[in-house]
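The structure appears below as structure tokens.
The values are calculated or read from the model by the stated rules, or taken from the named source; none is laboratory data. This structure is a prediction, so every number in the text was calculated from the model and none was measured. Methodologically, a virtual Cβ is constructed for each residue, glycine included, from the backbone with ideal geometry; neighbour enumeration extends over all protein chains shown. Note: areas computed on protein heavy atoms with side chains; ligands, DNA, RNA excluded. Shrake-Rupley method; radii C 1.70, N 1.55, O 1.52, S 1.80 Å.
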Amino acid sequence: MANKVWVYIDQFKGTPNPASWEALGFAKTIAAPMGSGVTAVVMGSGVDAVVQKAFTFGADSVMVCDDVTLADYRVEPYAAVLVKIASEGKPEVIFGATSTRGRDIFSAAAADLTTGVIPDATEVVSKDGALVVTRPVYAGKLLSTVVCKERRPQMILLRPRAFPAPVETAGKSGEVVKVAPVLDESNIVTKVTEYIVEEGQVSVDSAAVIVSGGRGVNGPEGFEPIRNLAKVLNGAVGASRAAVDAGWIPYVHQVGQTGKVVSPDLYIAAGISGAVQHQAGMRTAKVIVAINKDVEAPIFNLAKYGVVGDLFQIVPALIEEFKKRLGK
Amino acid sequence: MNVVACVKQTPDSAAKLQVENKHVTWGDAPLIVNPWDEYAVEESLLLKEKFGGKAVAISMGPETAVEALKTCLAVGCDETYLVSDPVLKGSDVSSTAYALAKAIGKVGEVDLALFGRQAIDGDSGLTAAQVARYLGWTLLTYVIKIVEIDPAAKTIKVERMMEEGRQVCTAKLPAVVSVVKGINEPRYPSFMGIRKAAKATIPVWKAADLGLDTAKIGAAAAAVAWVDIYPMPVKETKVEMIQGSSPAEIAANLVDKIMAEKVI
Ligand SMILES: Cc1cc2nc3c(=O)[nH]c(=O)nc-3n(C[C@H](O)[C@H](O)[C@H](O)COP(=O)(O)OP(=O)(O)OC[C@H]3O[C@@H](n4cnc5c(N)ncnc54)[C@H](O)[C@@H]3O)c2cc1C
Ligand SMILES: Nc1ncnc2c1ncn2[C@@H]1O[C@H](COP(=O)(O)O)[C@@H](O)[C@H]1O
């Protein structure tokens, strides 16, 4: 178990966060020159399948803490395990995916381990024995490079979809090290009573395609065509703050500085003007398409393809056309 | 029940930023209360109105940050404190969290410390978790609703916003809670509030007042050091406007382009 590079695998009720595999794939490129393999760290309850996946995505070994106290995500038991194994195993670096849970666990654990934590990394390069990390700040208007010079482990959360997804190789396996939980239920003050989950909706966080609506959709029913287009493209529904504030769609869909920062392959903005605060959430999308009545809308400065027109005509036409092309 | 809200002063989100010698400047754009922290302040006021006690705001930063605290007074906070000392300059997340934890401790009987989800300058979203660790309090992040609080039993029930939906949980006070938009609608300052705030003198706590270990603060103690900062390189995009004689034709032309990008 002498691997110097670890990757924490974020999962929710047994479903791994795909950004964890991106982190795993990238970790291999950092580990190889160090002459190290990569250890995946998996926590949860009934997570054999996640452990298996970690091998197929390239882990050389897996440390797993599988226990009922970890069935629901809570920071206390999760961080306690990470702190314990990291202080014993002394890795050089622990990578993870930037997510609500990733930020929680890494930040809490870093405080206990008296080391630094760097979230939202979009680029990481090795230099003089430390990792130099690039991360956007000021809502993506600026880029900063930071480094955790002396303290170890370096704890780095990679931004989802900023690093390539590794290819899966079936039938791989490796060493599995079982780790005991640190806290028992009586020592955990947080108790989860229920989940309120919007059924069957793709979340914007890791979606490859996002179709977003803004004030231009003109009401809650205006999101119907947006939703239908997203559905045809297996994508998620996004929204501007104006649409969220108007109460037309829940806040989870909001993209922008005070919403989610997303980085899909395709971002279609319909009836969104493209204010800087909205741009802060979507400017790193690979291909941006804007549909807007107003040729002067700032969103067109960012878009690769634009349509000047009424979204209520263009979006339904797009749905029909995509259905045809995709054989749906 | 006493509630502390931690607020950071940041440049306005619409400010045009410039970088000179790795220093970020924003011309004459105003400095504001970090927008996420407005929700923390509002929640502290709502809790005070419901349960009594006091709403306290704390900010760490340069002397100019008193303005952010005046905004907090103007909307109704009872007390505000500025943590400011040249030796704190260059503090990273962990030193900031350490200083804020000590400041919260100095306020005295506090049941709840509220934070914004993240500061819109550094965009790190890490401070609340570390404050909780330093204080040894419960940590509840991304809270979109405080469902109930029982001050006598010292319990709290919240809804946390995760990627997959809301997680409802109960926990013990004292707690550190970070809040997201949607938890409330921040109020505007009242005329009386603004007058009161204008006259107020805001106490300043120095490192020594908080008993801070100087080895743990400032640029020298930072675990994470800044190497460089520069404007995001502008993506050279020239929009290609898709034309057509009918919506169907425009759609067909646009879909051609999108399919050629291989993003579907
Ligand atoms: C601190 C702060 C944080 C913020 N955070 C965010 C954030 O996270 N996310 C965010 O989105 N905003 C955010 N904002 C708000 C932001 O500044 C804008 O107000 C908001 O993005 C505007 O939303 P919109 O583009 O939907 O609306 P508008 O700016 O009103 O634009 C609507 C657009 O729809 C077009 N339109 C109208 N009808 C049609 C039609 N039938 N067909 C086609 N086009 C049509 C119009 O031409 C117009 O361009 C924030 C603001 C502040 C101050
Ligand atoms: N200097 C500061 N003074 C007061 N509160 C702060 C400070 N820095 C961060 N915070 C609080 O911590 C939250 C998260 O900040 P950050 O971790 O820097 O993104 C903010 O929304 C504030 O509530």
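In chain A, the DSSP-assigned H stretches of four residues or longer account for a calculated mean residue ellipticity at 222 nm of -8000 deg cm²/dmol, using -39500 (n - 2.57) per stretch and the full residue count as denominator. In the range A:250-277, the residues that give up 10 Å² or more of accessible area when the other protein chains are added, compared with the chain on its own (1.4 Å probe), are A:Y251, A:V252, A:Q257, A:T258, A:G259, A:K260, A:D265, A:L266, A:V276, A:Q277.
If you take the charge dipole of the range A:5-187 about its Cα centre, with +1 on Lys and Arg Cβ and -1 on Asp and Glu Cβ, which of A:P77, A:P153, A:T122 is farthest toward its positive end? Highest projection toward the positive end goes to A:T122. Assuming a ≥ b ≥ c are the square roots of the Cα gyration tensor eigenvalues, decide whether the range A:222-322 counts as rounded (a/c under 1.5), prolate (otherwise, with a/b larger than b/c) or oblate. Rounded, since a/c falls under 1.5. When B:L210, A:L326 are compared by accessible area of protein heavy atoms, the largest-first order is A:L326, B:L210, using a 1.4 Å probe. The gain in end-to-end length when the B:M259 to B:D150 segment is fully stretched comes to 33.6 nm, 0.36 nm per residue minus the alpha carbon separation. Principal axis analysis of the Cα atoms in the range A:124-242 yields extents of 53, 43, 39 Å, listed in decreasing size. Straight-line cross-link reach from A:K293 at under 17 Å between alpha-carbon atoms covers these lysines, not counting any fewer than eight positions away in the same chain: A:K304.
The magnitude of the dipole of the range A:5-187, with charges of +1 and -1 set on the Cβ of Lys/Arg and Asp/Glu and taken from the Cα centre, is near 600 debye.
Shielding of peptide B:240-250 by partners, expressed as the average count of other chain Cβ atoms within 10 Å per residue Cβ, is 5.
Extension gain, A:K13 to A:D128: 0.36 nm times the residue separation minus the Cα-Cα distance gives 37.5 nm. Per residue, the convex hull around the alpha carbon atoms of the range B:65-110 comes to 87 Å³.
The distance from the alpha carbon centre of the range B:88-102 to that of the range A:171-185 is 35 Å, rounded to a whole number.
Only aspartates and glutamates eight or more places from B:K216 in sequence, or on another chain, were considered; those with a Cα closer than 16 Å are A:D112, A:E150, B:D85, B:D92.
Counts of other chain beta carbons within 10 angstrom of each beta carbon in peptide A:312-321 average 5. Computed with a 1.4 Å probe over protein heavy atoms only, the accessible area of B:I146 comes to about 30 Å².
Highest mobility in the GNM of chain B, judged by mean-square fluctuation with C-alpha springs under 10 Å and restricted to B:Q18, B:Q118, B:Q243, is found for B:Q243.
Using the charge dipole of the range A:209-326 (Lys, Arg: +1 at Cβ; Asp, Glu: -1 at Cβ; taken about the Cα centre), state which of A:V252, A:G309, A:G219 has its Cα farthest towards the positive end. Of the candidates, A:V252 comes out farthest on the positive side. Determine the shape class of chain A: with a ≥ b ≥ c the square roots of the Cα gyration tensor eigenvalues, call it rounded for a/c under 1.5, and otherwise prolate if a/b is greater than b/c, oblate otherwise. Since a/c reaches 1.5 and a/b is larger than b/c, the shape of chain A is classed as prolate. Which log10 I(q)/I(0) values does the range A:5-187 give at q = 0.11, 0.14 Å⁻¹ under the Debye formula, counting every alpha carbon as one identical point scatterer? These q points yield log10 I(q)/I(0) values of -0.42, -0.70.
In a reduced charge model with +1 at each Lys and Arg Cβ and -1 at each Asp and Glu Cβ, chain B shows a dipole moment near 620 debye about its Cα centre.
Among the residues of B:164-176, the average count of other protein chain beta-carbon atoms within 10 Å of the residue beta-carbon is 6.
In degrees from 0 to 90, rounded to the nearest 10, what is the angle of the helix B:93-107 Cα long axis to the longest principal axis of chain B? The two axes meet at around 40 degrees. Its Cα centre serving as origin, the range B:1-103 has a Cβ charge dipole (Lys and Arg +1, Asp and Glu -1) of approximately 200 debye.
Can you send over the solvent-accessible area of B:K235, 1.4 Å probe, protein chains only, in Å² to the nearest 10? Roll a 1.4 Å probe over it and B:K235 shows about 110 Å². Taking label positions 7 Å along the Cα-Cβ direction at both B:V239 and B:K50, the computed distance is 4.4 nm, reported to one decimal. Shown here for the range B:1-101: trypsin sites (Lys or Arg not before Pro) in loop regions (DSSP other than H, G, I, E, B) with at most 15 other Cβ atoms within 10 Å, namely B:K16, B:K22, B:K89.
At 0.36 nm per residue, and after removing the present C-alpha to C-alpha distance, how many nm does the segment from B:E109 to B:K16 gain when stretched out fully?
Extra length from B:E109 to B:K16 when fully extended: 29.4 nm.
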